[in-house]
Structure formats: C-alpha cells, structure tokens
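The structure under discussion appears below in the form of structure tokens.
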Amino acid sequence: MSIPSESLVRKPDDESALSTEPLLFNKYEPNLSSQRSDTINQKSFTPLDTEDSEFSPYTANNTASPVVKSGKKIIVVVLLFILSLASFVSQTELTSYLYSNYDFNQPYLLLFLTHGSWFLIWPIQVISIAIFKHFKRSRKYQYNPFSLIQLQRNISSSVKNQHKNIFKTSGTLIGENYINNSEYPRSIWGFLTSKSIIHVIKSVFIDTIILTIAGCTWYVAMGLAPASDITAIYNCSAFSALIFAIPILKEKFTYLKLSSVLLAIIGVFFVAYSGDNNDSNSEFPYRLGGDLIIAIGAILYGLYEVLYKHWVCPPMNAVSSRRQVAFSNFCASLIGISTISIVWVIIFIAHITGISKLEIPKGSFQWLIIITSILSNLIFSLSFLALMSLTSPVLSSVSSLITILFVGLCEWILFGIGLSFGQIVGDLFVVVGFTILSYSYWKEISEEDVEDDEDDDPTDIEN
C-alpha cells in the first residue's frame, strides 16, 4: 500500500493554519483506479422496497466473480467468535448474580442501559484509531507527538477519513460508488442527510424496533412461564433466522443447513428440560400465554438478524473484512441511539402504569456489576454484529447457542452446579449442529473478494 506522504501528515514546518477543510472533504485523494465498481449494481435500494428491488448487498456478494481464500478473514471470524462467547457468558452470569443476590427486578432499565450503551462503540473506535494514527505518524516523521498543533491536525484528518470511509461503504448498500471529492458531504449535516446514510439510519431504526420488541417479550414471558420454556423457545430464533434468510437473503436451502439448525435446537430443549423442574401449571397459570409471547420474540429476533444482514451489511466483494467490522460498529452505535429514543418511552409507560416501577440501583457494588455487565454486552454486541457482517445470520445465531455449553461449565466450575446427563447430551447436540453448519458455510467464511489494500478496497482510505 503506497500513498504520498503528504496525505498522511503535514510536515512540522508547515506554516499553514489549522485545517479548514470540510468535515468529509480531503484534497488528498488516494488512488482508486482499480475499484471494483463493476461488482455493484447501480439500482437504488431502500429498506422498505425489498419486494420491488432486485438489488441487495447480500445477493450482490453471492453473484461475485472469482474469489480468493483469505486466512486473515478466518482468523478475524474465529477471534470474534471467541470474544462473543466469553462476553456473553460473562454478561449472563453477572445479570443472574444481580437478579438472584440483590433481587434487582428492573428488566427494562437493564435493556435501556445495555443496548443503549452501544452508541459508545463508534466514538470509541474513531478516537482510538485517530490517536493511534497520530503516534504512528509522529514516529514515522520524527516530530513531537505531544505537539498540540500536530495532534489536532492528525486527529482531525483521521476523523474525516474514517467518516469518509463510512460514507463510501454506505454507498455500496444502495448501489452507489462514490469516487469524486464532489460527492462527499462537506459538513456533519450533509453527512447525516446524504442518501446512503439516511438509508442506514432508517434501516437501523426499523431493525431496532424489532430487536426491542423481541427483547421485551423475553422479560414479559419470564413472569408468565418457567425459565426452561423461555430458554428453549427463545433459542429457536436460529430456526426462524434460517426460514427468513431463504426468501430475504436468497440463501440456498439445503437439508444439511436445516438438519444442523434443528439438531442444535433439539440440544437446547435437552438442556432446558433435563434438570429438576418443579414448575407446574398451578405455579404458572398463564404458562401457555408466556410460551406464545416468547415464541413471537424468537421469530422477531431471527427476523432482526436477517434484516440487519440484508439492509446494512455491505457486499463482501466490494469491502474488505476490516471495513466490514468498522461499518458494523458504526451501525451498532446507531442501534444504541435508536434504543435510547425508544426504550425510555417503555420505561416511562411501565412506571406510570405500575407494570414495572423504576428503581435506581443501590450501592456501589450493584453499580459495579451493572457496569461490568454493560461492558460485556458491548463486547458481545460488536463481535456478534461483525460476525453477522462477515458470515451469515443463521451461522451467528446458531453459534450463540454454544454459549449454553459454556454457561453450564462456568456454573459448574465456579458455583458447583452439577451438569446432568441430559445437559451433557444437549450440549453435544448443539456442538455437533454448530460444527455441521460451520462446514456448510465454510466457503463463505474462508472467501474474501477484496484484499485489505487501498487499491482493491474502495473504502480503504485511512492508512
């Protein structure tokens, strides 16, 4: 990768004033001569016209020309998978501890804090990369890294380039291929009101509504049905993701995929119903209603995953895996903002109607548990969304079932809660189902159409 040094940093002896360039405009434009614009369909696409439009970022990837094996992408997928497992287990155990030891029954508040905190993901990424690039350039060009002028210039340049990358990536979602400087927004308002970013914002907001409803069904059903019912039925979202992926993502139906998903779900039922269950219909008179509610939640969660992939995941034949991950973090922040704008209304209504009176956590240790749980959820969210971007929502959904095994092992090791024979059998079913499904998606996992190089990746500006 080679870019003129001037585009990386202004030399220390530059006497010009601080940059007055617009937010997303940079006179140093990298070489984009080898962009793969022919792989992007130029037809416009919006989140509400899926029946009338033939263009889809997902299907665009499936019709790509020859691809190359990418060991780098495989490593990224594996690392994201491990991160998602560890963070989900951590969040589950922390939340369980909070509920059982402190009787903290504030489900809507926790939903607001966890999902709402996603808005921090993108700002943290932008600032971290900008600071890293600044020190990297200071070492390369041998100037004082603590010079305020150089710090401001480099961070400003990095922030502009990172948002230009997002703008370019968003263009692939609607079949636009932004190349010329004149096409870039010249202000924050121009960025937010551009056609491609509006598409992303609308898509994310609609998807967040679906996600929020799915999350609320879980909390409502918990008071109506046994936990075993909730666990087993809600994890059937993997099956609903497969069903929705066939018509929406144009995924090819195979009995191998179907059998692997069903095998994993059967394993979940084994785990859920294998232990001692003293719950009866007399203790849960509205058990059927609770089961129906959580079934709706499972369907909606599968729909949320598939629509996220369909609406806001760029085609992999136009954007490198590194940019896929960066864009998923941008979308995660939008989900966080959308959650904040939606869930506070739910909290207010639940409070004034008496459904769930709002109570603020008491004590510093409770807050410590909540904050740690939020951080775990942040890590899980960014890794899970990135997994959906790089692979398939069906595979990501089934991979989340593996957490059932690790939660059981964690409780056995830390709290002495034994594993029954049924749980072990169920865990094996889940692992086998996930292994088979991974095999069926191996081609998609191991292939990447764009090398992580500026000349090949039209969104790779930040260097």
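Of all the listed residues (L368, L375, L382), the sole one being crowded, with 18+ Cβ neighbours inside 10 Å and either out of contact with any Cys (no Cβ under 7 Å at 6 or more places or on another chain) or in a helix (DSSP H, G or I) (or both) is L382. Remark: pairs (first residue in the stretch 285-301, more than 9 Å from S237 (Cα to Cα); second residue among the polar types (S, T, N, Q) and in a helix (DSSP H, G or I); Cβ separation under 8 Å; 6+ apart in sequence or on different chains) = I293/T217; I294/T217; I296/T217. Restricting the stretch 182-217 to residues that are in contact with a Phe, Trp or Tyr (Cβ under 6 Å, 6 or more places away or on another chain) and not β-branched (V, I, T) leaves a set whose member that is surrounded by the fewest Cβ atoms within 10 Å (Cβ to Cβ) is R186. Among the residues of the stretch 121-159, which ones are hydrophobic (A, V, I, L, M, F, W, C), exposed (fewer than 15 other Cβ atoms within 10 Å of the Cβ) and within 30 Å of I347 (Cα to Cα)? Of everything in the stretch 121-159, just one residue is hydrophobic (A, V, I, L, M, F, W, C), exposed (fewer than 15 other Cβ atoms within 10 Å of the Cβ) and within 30 Å of I347 (Cα to Cα), namely I124.
For the stretch 262-277, the criterion of being modelled with pLDDT under 85, part of a helix (DSSP H, G or I) and under 14 Å from S438 (Cα atoms) is satisfied by at least one residue. Within the stretch 243-260, can you find the residues that are of a type outside the set (F, W, Y), under 19 Å from K309 (Cα atoms) and modelled with pLDDT under 85? Within the stretch 243-260, E251, K252, K257 meet the criteria.
Selection of the stretch 314-336 for residues being out of contact with any Gly (no Cβ under 6 Å at 6 or more places or on another chain) and within 25 Å of L113 (Cα to Cα) yields V325, A326, F327, S328, N329, F330, C331, A332, S333, L334, I335. Taking the condition touching a Leu at 6+ places or on another chain (Cβ under 6 Å) and in a helix (DSSP H, G or I), does I246 pass? In short, no. Would a scan of the stretch 160-179 turn up a residue that is among the aromatic types (F, W, Y) and either assigned to a helix (DSSP H, G or I) or surrounded by 15 or more Cβ atoms within 10 Å (Cβ to Cβ) (or both)? Looking for residues that are among the aromatic types (F, W, Y) and either assigned to a helix (DSSP H, G or I) or surrounded by 15 or more Cβ atoms within 10 Å (Cβ to Cβ) (or both), one finds at least one in the stretch 160-179, hence yes. In the stretch 65-102, of all residues being crowded, with 17+ Cβ neighbours inside 10 Å and more than 22 Å from S396 (Cα to Cα), the one that is modelled with the lowest pLDDT corresponds to T95. Within the stretch 189-228, being under 17 Å from T169 (Cα atoms), touching a His at 6+ places or on another chain (Cβ under 9 Å) and of a type in the set (A, V, I, L, M, F, W, C) holds for one residue alone: F191. In the stretch 124-150, which residues are more than 21 Å from S328 (Cα to Cα), in a helix (DSSP H, G or I) and of a type in the set (F, W, Y)? Within the stretch 124-150, F135, Y141 qualify. With respect to the conditions (1) part of a loop (DSSP other than H, G, I, E, B); (2) touching a residue at least 60 places away in the same chain (Cβ under 8 Å); (3) farther than 21 Å from A214 by Cβ, S356 lacks only one, and its number is (3).
The values are calculated or read from the model by the stated rules, or taken from the named source; none is laboratory data. All values derive from a computational prediction rather than experimental measurement. FYI the Cβ positions are ideal-geometry reconstructions off the backbone, even for glycines, and counts take in every protein chain you see.
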